[in-house]
Amino acid sequence: MKKYSHLTIIERESLAYGLIQGRSLSDIAKSMGRDKSTLCREVSRSMQRETTYSALTGQYFAKLHKEATGRKKKIDASLELKGYIHKHLRLRWSPEQIAKRLRIEYPHDKNMQVSHEAIYTYLYVLPRGGLRAELLLYLRQKQRSRRKRTKAHTNRGQIPDLISIEERPEEVADRTIPGHWEGDLVMGKGRQSALGTLVERTTRTTILVPLIKKDAQAVRRAFARETKKLPQQMKLSLTYDRGTEMSQHRLFTKQTKIKVYFAHPQSPWERGTNENTNGLIRQYFPKGTNFHGITRKQIKKVQDLLNGRPRKVLDFQTPYEVFSTIVALET
């Protein structure tokens, strides 16, 4: 056996290929000139997070382990930094959002600045237990493939006098002027309840709309009540899908002065900001939530959390900060 050294990516690929062939670890170790225990540790470490061994996964976590053990752990050395990270992970901030905001809030304190890679490393090398499980739970999952919408959701009725998105002004598409919104419903358990969502395209400000019912009249009244609170310059247009809950759009426009445009059927990318925000909302209200059991206070608390999260697209400012700045400049 050769003197111990860390496995290379080529060796990890050989290990993965050998396992696919159904060979034993003893046989693979012998052909590689490695100790069987080395391969056992490698496979065990990788499969804590995967169902099958992957060379790339093994290489990634080996790198994390090396970085975590090869230098002083800044996060562990600072209770203030650790507390900041824990607090904002619980607010569903991503490690990248946390790292960028640390630089903004502590520009002259290097002890309070850390990369998002270091935060991931810190999380993955935590000892198994309640804290590690809790903090990893707050990480947003990678985007999953979108399932086809059910027949109940795609079976749209006719909306009278709808105005197509094709007639929407160009200023809406390029986000040069704020005040243009996208809207949708997030459905509850069994589609028996729903939550209204409105997202401003430029600032990404989100309004969550509690709904007693999800019929056209209830949705129109609830959306109008929420949007009437907005500054006048932030009430220009709303882009919606072909959901019949917005069939009273003409009355909504009369009440709010907000013109409603409708996206093409089965074209969620035409309301991409809203679709992405709905994914964030599901971190707080997962599928199966009964919105009839959620209070207005709870819904508005989540609204504040969403608008208080720094966003990469906003140079890690929060939607509230950008919205307030724009309103102040235009008044």
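About its Cα centre, region 176-331 has a charge dipole of approximately 580 debye under the convention of +1 per Lys or Arg Cβ and -1 per Asp or Glu Cβ, with nothing else charged.
Where the only charges are on Cβ atoms (+1 Lys, Arg; -1 Asp, Glu), what is the dipole of region 244-331 about its Cα centre, to the nearest 20 debye?
Details: 14 positive and 7 negative charges, 69 e Å.
Computed about the Cα centre, the dipole is about 340 debye.
Going down the list 73/100; 214/235; 82/297; 259/300, which pairs span over 28 Å between their C-alpha atoms?
Details: 73/100 19 Å; 214/235 23 Å; 82/297 30 Å; 259/300 25 Å.
Exceeds cut-off: 82/297.
Please give the peptides 293-301, 13-21 ranked by average Cβ packing (other Cβ atoms within 10 Å per residue), highest first, as a rough proxy for protection. Kindly include the intermediate steps, with their values, before the conclusion.
On the way: 293-301: 12.8, 13-21: 16.1.
My ranking of the peptides, most packed first, is 13-21, 293-301.
None of the figures in this text is laboratory data; all of them are computed from the coordinates on show. All values reported here derive from a predicted model rather than from experimental measurement. Positions of Cβ are backbone-derived with ideal geometry, glycine not excepted, and every protein chain shown enters the neighbour counts.
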